[in-house]
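Each remark here refers to the structure printed beneath this line.
The values are calculated or read from the model by the stated rules, or taken from the named source; none is laboratory data. Note that this is a predicted model, so its numbers are computed, not measured. Cβ coordinates were reconstructed from backbone atoms using ideal geometry, including for glycine residues, and neighbour counts include every protein chain displayed. Heavy atoms of the whole protein, side chains included, go into the accessibility calculation; ligands, DNA and RNA do not. Shrake-Rupley method; radii C 1.70, N 1.55, O 1.52, S 1.80 Å.
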Amino acid sequence: MQFKRLKKNYKKQIIIGGLILVCITSAITITKTRAKYKLTEDIPLVKGTINYKEPDMRIMAVNISEDGTNYIETDTIPTEGYNFNSEKSVCKKTTTDLKDEGITIKYKEGKIDFLGITQKGTKCYLYFDKKEPTASETILNNITIKEGTPDFSQIATTDEGVYKVNDGMYGGYSYYWRGSVTNNYVKFGGFCWRIIRINGDSSMRLIYDGSSCHANGTSTDDNALGTDQQYNGANGNSTYVGWTYNTTEQRTLAGQDSYLKLATESWYKSKIENNTKNSSKVADGKFCNDRNTSNNEPWRASGNSQNYAGYDRLYTNYTPSLSCNSGDMYTLKVGAITIDEVIFAGGNDQINDKYFLYNGKEFWTMTPSQWYYHGNNYYAKVFVVGNLGAINMNNVSAGFRRNFCPVINLKADIQFQADGNGTLNNPYVVA
């Protein structure tokens, strides 16, 4: 009898042991299953999140590609360097179903949102393609940014490279080319342009260089537009220095258009805007028509003379700036260069036929310089870049007709074709 009891106990141990083994096996199986069919909360993310409403919606695979064709599976959702492929990514009820068109997948910087999931067990497959560098990234990744601040009281006659400065209009830093640089040529819209700067939002600011690219120090009929363009139609009121103006206010973003504004916009509409592919790449750029007075002196529409703040930055302080009063900052597709951008590029009131803005023409900027009253004569003046490369002041009235060089901003997400390097014979080409 005692033996029988021992035998029963032995059988009981075997049964208990078997149950434990089954539990262990089941746990292993469940773990492997969860590893294969990862629940959304189990996907390891890098600074990212997944938003979903169905607790057992499963991400079956996250796939990335370096060439847009061949994909490999990964266990992380990328936060940068890749674009989400919304066409290839799919969610469906079973592995054999077609794509559930009612489900929307949204991705931004590592965050995934699934919208429209109505059935438990929905399975999702995500695809990401390597992001090609933007035009600005292509440039900045291949140049060395110069340290410090140049001496703006001196002209730049050699290739001084690229510097950075606080960008008061766009925020962040702007990167500007200075001197006789040879790596800022861009072909876009059937024309050649020179890069003035990369703005704080990574858009790219360009100035017209002609139907073909010109070497520094070159003067031809092609590298500026017009020969007799007025800045404005009258001279007897200080408000005529405005890109737009009325005759009673220091500044306005509406009002009457200046003649130069009308001319640049007419050119843009006929040459760029009428081509959908090209116009889609042009940003709504920020342009400054600085109508602050020198030392914040009282503004006047007529009567006594007054200087504008740009006069001090050129002739007194040598401190160009990318800041702008909100009442002087226009959002435009096309405009003109500012006196500050000319100074950053290497110009001032001295002759300079070496820096990249020299084209042998007198062309307008959009920076007011002076309201000058002498005797019975009135002179509203705006800065120009002279035909010897020096910055001068010209009256806005009909007796002073100059060339103009349109300025545009290309969007931050544009890309270049692969083979350009920004030089005269191999310019960057907008894709």
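Helical runs assigned H by DSSP (4 residues or longer) give the chain a calculated mean residue ellipticity at 222 nm of -5000 deg cm²/dmol, each run adding -39500 (n - 2.57) before division by the residue total. Once neighbouring chains are kept in place and the probe is 1.4 Å, which whole percent of the accessible area of the chain is contributed by carbon and sulfur? Roughly 48 percent, rounded to a whole number. Both radii were evaluated on the Cα set of the range 299-348; the Rg over Rh quotient, with Rh as the Kirkwood radius, amounts to 1.01. Over the range 61-208, the hull volume per residue, using the convex hull of the C-alpha atoms, is 180 Å³. When the charge dipole of the range 226-384 is built from unit charges on Cβ atoms (+1 for Lys and Arg, -1 for Asp and Glu) and taken about the Cα centre, the candidate among ALA336, GLY255, ASN278 whose Cα reaches farthest toward its positive end is ASN278. Relative to the current alpha-carbon distance between LEU253 and ASP221, full extension at 0.36 nm per residue lengthens the span by 8.2 nm. Using only Cα coordinates, the Kirkwood hydrodynamic radius of the range 201-281 works out to 15.3 Å. For the range 275-431, the Cα gyration tensor yields ellipsoid semi-axes of 32, 18, 15 Å (square root of five times each eigenvalue, largest first, whole Å). Inverting the mean 1/r over all pairs of different Cα atoms, compute the Kirkwood radius of the range 143-190 and quote it in Å. Evaluated on the range 143-190, it is 12.3 Å.
FRET efficiency for GLU273 and GLN119, Cβ-Cβ distance as r, R0 = 60 Å, nearest 0.05? Efficiency computed from Cβ-Cβ geometry: 0.80. Please state the shape class of the range 243-288: rounded when a/c is under 1.5, otherwise prolate if a/b exceeds b/c and oblate if not, all from the C-alpha gyration tensor. Judged from the Cα gyration tensor, the range 243-288 comes out prolate (a/c at least 1.5, a/b above b/c).
Protein-only accessible surface at a 1.4 angstrom probe places the residues MET169, MET393 in the order MET393, MET169, largest first. FRET efficiency for the pair GLN350 and THR95, taken as 1/(1 + (r/R0)^6) with r the Cβ-Cβ distance and R0 = 51 Å, rounds to 0.10. Using a Förster distance of 51 angstrom, determine the FRET efficiency expected from the C-beta separation of THR157 and LEU262, and round it to 0.05. That pair, THR157 with LEU262, gives E of 0.90.
Largest mean-square fluctuation among ASP419, ASP312, ASP257, in a Gaussian network model of the chain whose springs join Cα atoms under 10 Å apart, belongs to ASP419.
The listed residues GLU137, GLU101, GLU73, GLU160, once ranked by accessible area (1.4 Å probe) with the largest placed first, stand as GLU101, GLU73, GLU137, GLU160.
Solvent-accessible surface of the chain, taken per residue with a 1.4 Å probe and all protein chains present: 48 Å².
Taking every DSSP bridge with both residues inside the chain, close to 80 percent are antiparallel.
Which residues among the range 389-413 fall inside the zone where the amide N is under 20 Å from a point 7 Å beyond the Cα of ASN317, along Cα→Cβ? Only 391-393 fall inside the zone, counting backbone N under 20 Å. For the range 238-309 versus the range 366-431, the inter-centroid distance based on Cα atoms is 13 Å.
Taking the chain as a Gaussian network, Cα atoms linked when under 10 Å apart, which of PRO320, PRO298, PRO406 shows the biggest mean-square fluctuation? Looking only at PRO320, PRO298, PRO406, the largest GNM fluctuation is found for PRO298. Between LYS164, LYS187, LYS130, the GNM of the chain built on Cα springs shorter than 10 angstrom shows LYS130 fluctuating the most.
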